[in-house]
Amino acid sequence: MTTEITTPTLDADPVGDINKYDFQTVSKPIFKARKGIDAEIVHQISDMKNEPDWMREFRQQSLEIFFSKPMPKWGGDIALDFQDIYYYLKPTNSQGRTWDEVPKEIKDTFERLGIPEAERKFLSGVKAQFESEVIYGSLKQDLADKGVIFTDTDTAVREHPELVRKYFAKIIPPSDNKFAALNSAVWSGGSFIYIPPGVKIDFPLQAYFRINAENMGQFERTLIIVDEGASIHYVEGCTAPMYSSESLHSAVVEISVQRGARCRYTTIQNWANNIYNLVTKRAMAYADATMEWIDGNLGSKLTMKYPAVYMMEPGARGEILSIAFAGPGQHQDAGAKLVHCAPNTTGQIISKSISKGGGRSSYRGLVRVEKGATNVKTNVVCDALILDDKSRSDTYPYLEIAEQDVSIGHEASVSRIGEEQLFYLTSRGLTEAEASAMIVNGFIEPLVKELPMEYAVEMNRLIQMQMEGSVG
Amino acid sequence: MSDTLVITNLHCSVEGKQILRGVNLTVRRGETHALMGPNGSGKSTLGLVIMGHPKYVVTEGTITLNGEDLHEKSPDERARRGLFYAFQRPVAIPGVKLADFLRHAATNVRNPERKEGEELMPMRDFRKELKAKMEQLRMNPDFARRYVNDGFSGGEMKRAEILQMAMLQPKIAVLDETDSGLDADAVRLASQSIAEIGREKMGLLIITHHDKLLEHNPPEFTHVMLGGRIVETGGIELAAELHGQGYDRIRRTYPDAAEENRLMAAKEELAASGAH
């Protein structure tokens, strides 16, 4: 197989490189590895990407670990044939695909979300295009002036090897779990962000995502480094539905939030119903740093996702707000992990789940306090809302506490959508459908109010559609 | 027969237990009725059945509004036809702002033909009206931004119920112990508010144990419920008698109904203790 690599031109200014990375003009080789996974396939991926030896070796070692690891003990039932999956497709998954191939329910969803035709094609991966040259240009310049690096991870390996080598796989090593090992072996795409010390970006970094089709990958790898005293809000994905023709999506997201820095990572994803969505997300927060995960999950066959914050030094804070909506045939096994490794660290988990039409949601959460981590405070609140008697919700809280001087709170509540609530609202003239949607929207209000405006609007519409049961 | 609620020989049960055993009652727009009776006599049940609560099964008899049988009508259809029930203990709906909910409800009730997804009443008009009504009821405008009944005090809940009644302008309203859990001043305020927004414009069926709520709403008719039936109907003097002397005379006069009531109240207590 001949593989031709188109590498963006190197430029002295790292951020300037992004400008050259034009999806419309760079012609991508159309390449699809054969099905299955073995050393040869992984070598092919390295060949395709023209990777340095260290990354090539890292992939091969990760593959060994993947083969040797058992399936994770946490979470739902995974019925996957690892040899029946394509692990590498051409870098932009777009050119071989046509609009006709996009599943009907996804098209309908786009339509009902009111997303313009061009953007629909982009979001579905059919067309990679710049959403807006103007926004892109000014944003790029603004970031470049501040010394921010924002690119895809493949490019970062080539252009910022010293930064990547310092942080890559340090927070989530391949040995962490079977799916982290798999991602480490076959990863492709994802975002790489470096924010220099003291730089505070006061708008959410999201427009970039929309122009970067590689983020849509099956095994993306994201690395975010927020240097001392810096601050960002990164919005990954969007509320528009995501689909993949493959059955497995397994991303790894690593974030380092350094002394006094702040990072908020927001993602709302709506996957096609046949996808196993198995994602490892972890942040390390150092002295007086704050990490916030806002994580929304809709769709998929099984999602296993537990964003984690390791509080490494005194004064660190971790906050996780997670929400899952399990519809028919779906299992959302979502939750959070907070690990207190230092004294005077604080955390909060708010987890909400909605189950409908036989869907199953589980909250699975870990709070761990390491020896020596005194004066630690964490509060966990998880609320489940069950919309009918076919659906199910479980709570699996794990507490591992190695210190005395700690304050850990856990409140869990499960409620069936109240007959009394429905009666109350309908007795005031709302139809039953309007009333249920209102109750559900109220339930997710704490999440929605944290979202940027346009995401909040889309989120509400998505929930509305899930409630009507017309899209999966 | 304009704006008249007619209840004829109504029997109903909940979870297999019979509660109402042949209720007859007519309430016209512009009339005020007091419904009294000891605990467990079926007063709240009657209110909930009128509104169409799914838990209560009508086994015999009819409820009609302006001649139309409501049997197959859902609670929202009843609301759109002009019925209102003010809850004794309203449930909280976290995350739903009172104003948003009310705009939705008012739109539907005023435009009964509205299809789902059609525009709500204009925000400006709604806000203006809500503000005026809240002023009339001496409510803090911030109240409308709070989540429906979430963390409301007893008094706040009852005033929110009255506010909703004011906004929805029903033809016939059932007020279920709007005075319960309120101190004397709060009851007086509620009584006054109901009179301001309801009297003459609506037909009121006021379920109460006390006379304070009737202070500004003197009933033309007082009904006494016992054992799932209305056993006696009189004027305002009957309400006064019951307030003064309680239900002893009623129990002696209707021993069979009193026995039914005793059994029903005992079952209710048992169910309540089992639930906790």
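Bear in mind these aren't lab numbers, they're just calculated from the coordinates by the rules spelled out. Quick caveat: nothing in here was measured; it's all calculated off a predicted structure. Virtual Cβ from ideal backbone geometry, glycine too; neighbours counted across all protein chains shown.
In a GNM of chain B with a 10 Å cut-off on Cα contacts, which of B:244, B:154, B:82 has the highest mean-square fluctuation? Comparing B:244, B:154, B:82 in a Gaussian network model of chain B, the most mobile one is B:244. For residue B:200 and residue B:125, the difference between the fully extended length at 0.36 nm per residue and the C-alpha to C-alpha distance is 24.5 nm. FRET efficiency for residue A:449 and residue A:78, Cβ-Cβ distance as r, R0 = 30 Å, nearest 0.05? E between residue A:449 and residue A:78, to the nearest 0.05, is 0.30.
Put simply, the Cα atoms of segment A:312-425 extend 49, 30, 19 Å along their principal axes, the longest span coming first.
Work out the mean other chain Cβ neighbour count within 10 Å for the residues of A:442-453 and drop it here as an integer.
Values: counts 11, 4, 1, 5, 2, 1, 1, 1, 0, 0, 0, 0.
Across A:442-453, the average partner-chain Cβ count within 10 Å equals 2.
Inter-chain neighbour count for B:93-102: the average number of beta-carbon atoms from partner chains within 10 Å of each residue's beta-carbon is 5. Sorting the Cα pairs of segment A:425-467 by distance into bins of 10 Å, from 0 upward, gives 30, 48, 21, 1 percent per bin.
Close amide-amide hydrogen proximity is noted between residue B:34 and B:206, B:221, B:222, B:223, each under 5 Å apart and 5 or more residues distant or on a separate chain (H modeled in the peptide plane; Pro and chain starts excluded).
Out of segment B:65-106, which GluC sites (Glu not before Pro) are coil in DSSP terms and have no more than 11 other C-beta atoms within 10 Å? Before the final figure, lay out each step's value.
Working: sites: B:68, B:72, B:77; in loops: B:72.
Sites meeting the loop and neighbour criteria: B:72.
Residue-wise HN-Hα couplings along segment B:7-13, as the Karplus relation 6.51 cos²θ - 1.76 cosθ + 1.60 with θ = phi - 60° gives them from phi, are 10, 10, 6, 7, 10, 8, 9 Hz; Gly and Pro carry x.
For residue A:273, the residues 5 or more places off, or on other chains, whose built amide H falls under 5 Å of its own are A:300. Residue A:49: which aspartates and glutamates have alpha carbons under 12 Å from its alpha carbon, excluding same-chain residues fewer than 8 sequence positions away? The qualifying aspartates and glutamates are A:4, A:154.
Each of the peptides A:346-359, A:383-396, B:96-109 was scored by the mean count of other Cβ atoms within 10 Å over its residues; in descending order, highest first, they stand as A:346-359, B:96-109, A:383-396. I need the Debye-formula profile for chain B: one equal scatterer per C-alpha, no solvent, reported as log10 I(q)/I(0) at q = 0.14 1/Å, two decimals. The calculated log intensity ratios at q = 0.14 Å⁻¹ are -1.04. Working from label points 7 Å from Cα in the Cα-to-Cβ sense, the residue B:64 to residue A:67 distance is 8.3 nm.
Would you count, across segment B:136-276, every pair of lysines whose alpha carbons are under 27 angstrom apart, provided the pair is eight or more residues apart or spans two chains? The partial results should precede the final answer.
On the way: B:158/B:171; B:158/B:201; B:158/B:212; B:171/B:201; B:171/B:212; B:201/B:212.
Lysine pairs meeting the criterion: 6.
Summing Cβ point charges (Lys, Arg +1; Asp, Glu -1) relative to the Cα centre of chain B gives a dipole of roughly 560 debye. Please report, to two decimal places, log10 I(q)/I(0) for segment B:1-90 at q = 0.22, 0.24 Å⁻¹ as given by the Debye formula with identical point scatterers on the Cα atoms and no solvent. So the normalised log intensities are -1.24, -1.48.
Report, in debye and to the nearest 20, how large the dipole of segment A:264-370 comes out about its Cα centre when Lys and Arg carry +1 and Asp and Glu carry -1 on their Cβ.
Values: 12 positive and 7 negative charges, 88 e Å.
The dipole magnitude comes to about 420 debye.
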